[in-house]
Amino acid sequence: MPKATHDSISDLRSLTDRERQVLSLLADGPSNRAMARQLGITERTVKAHLTNLMRKLGIESRLEAALISNLHGVEIFHKGDHP
């Protein structure tokens, strides 16, 4: 994984609240359609959030995003600055 472990954690604060929600849901591996239904948004909007959060975190795959979600679930919703 290029950047997905250490640097990504400090980049979590750059995510919007909705991007954090999408990232958090990824931990369980749902489809975009399932996430859209759960969040009350369109599947296209879920895809846009995924694209944006992956760009912000410097990762290239949904799998990397799911790993970050699984490993750092608590930090996803922490808005304070990380050292």
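Only residues that are on the phi < 0 side of the Ramachandran plot and surrounded by fewer than 14 Cβ atoms within 10 Å (Cβ to Cβ): list them for region 25-36, please.
Initially, region 25-36 is screened for residues on the phi < 0 side of the Ramachandran plot, giving 25-28, 30-36.
Hits for region 25-36 are Asp28, Ser31, Arg33.
Taking helices (runs of 4 or more DSSP H) that do not extend beyond region 7-83, which have at least 3 residues that are in contact with a Pro (Cβ under 8 Å, 6 or more places away or on another chain), among the aromatic types (Phe, Trp, Tyr) and modelled with pLDDT of 95 or more? Outline the logic, then answer.
On the way: elements: 7-11, 17-26, 32-39, 43-57, 62-71, 73-76.
Of the helices (runs of 4 or more DSSP H) lying wholly inside region 7-83, none has at least 3 residues that are in contact with a Pro (Cβ under 8 Å, 6 or more places away or on another chain), among the aromatic types (Phe, Trp, Tyr) and modelled with pLDDT of 95 or more.
Can you tell me how many residues in region 26-60 are free of Cβ contacts under 8 Å to residues at least 40 places away in the same chain and closer than 14 Å to His72 by Cα? Before the answer, list the steps.
Residues of region 26-60 that are free of Cβ contacts under 8 Å to residues at least 40 places away in the same chain, as a first pass: 28-55.
With the extra rule that they be closer than 14 Å to His72 by Cα, the set shrinks to 28.
Matching residues across region 26-60 total 1.
State which residue pairs qualify: first residue farther than 14 Å from Thr51 by Cα and inside region 10-25, second residue open to solvent by less than 10 Å² (accessible area, probe 1.4 Å) and among the basic types (Lys, Arg) in any location, beta carbons under 9 Å apart, and separation of 6 or more residues or different chains.
Leu12/Arg20
The values are calculated or read from the model by the stated rules, or taken from the named source; none is laboratory data. This structure is a prediction, so every number in the text was calculated from the model and none was measured. Because the Cβ atoms are built from the backbone with ideal geometry, glycine has one as well, and the counts that use them run over all protein chains shown. SASA here: full protein model, heavy atoms, side chains in, ligands and nucleic acids out. Shrake-Rupley method; radii C 1.70, N 1.55, O 1.52, S 1.80 Å.
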